[in-house]
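Working notes for the structure below.
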Amino acid sequence: MVSKIYFLLITASLLTACAGDDKSSDSGQIVGAWQTDCYLNVPYRAMAITRYEFGEQTYTAQTQLFRHDCDSESLGAFTSAGEYFSSGETVMASGVTARNINLLDDTNHLKLDVFHIQSNSLYWGNDNLVQTASEPSECPEDTYSEAFQDFDSQGFLSISYNCFARPTELNFDLEYRRDK
């Protein structure tokens, strides 16, 4: 009887110790560099190559834009950097399990996303648009906003905000390969 109690206590201690804090990064998988092949970046109407570099708790992302193909004239690049943490898992509509990730860039802009790693390839979630708002504060809780510029029917530039929730589907069309 005493040995059974010790066994239960040791098992409970091990399970508690292994549970850990889920706010830590998923460093065993996502740490490292990931890069796309040349692809059409629809919002910018240009060809692009995007590269992410993940440390234990920090990341850098850079998208290089090109005029015609990725060997042509560069139109410039934009870079973001910040911190990230994993926040559990989500089963996507396709049945694939993805890891939740929160990206907080150096301007304090929070993005809620998911990722899935399969055979040294990383896939992000598809944008999950909830609504469009005239101000970021009009976005519902558990969403994040991104500014969207477009021309109205009279040709004037208008700015609105797209409110996105954490994705429910993965984008298997855009592969990020582990860069060794």
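Nothing in this text is a laboratory measurement; each read-out follows from the coordinates by a stated rule. Note that the structure is a prediction, hence the values are computed from the model and not measured. For neighbour counting, all protein chains shown are included, and Cβ atoms are generated from backbone atoms with ideal geometry for every residue, glycine included.
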Extension reserve of the HIS68-GLU146 stretch, reckoned as 0.36 nm per residue once the Cα distance is removed: 25.4 nm
Region 76-96 residues near the modelled ASN108 label - backbone nitrogen below 19 Å, point 7 Å along Cα→Cβ: 80-85
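Contour minus end-to-end for PHE78 and ASP37, with contour as 0.36 nm per residue of separation and end-to-end as the Cα-Cα distance?
Result for the pair: 13.1 nm of gain on full extension.
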Derived scalar couplings ³J(HN,Hα) [region 163-180; Karplus, 6.51 cos²θ - 1.76 cosθ + 1.60; whole Hz; x for Gly, Pro]: 9, 10, 9, 4, x, 10, 9, 9, 9, 7, 7, 10, 9, 9, 8, 5, 9, 8
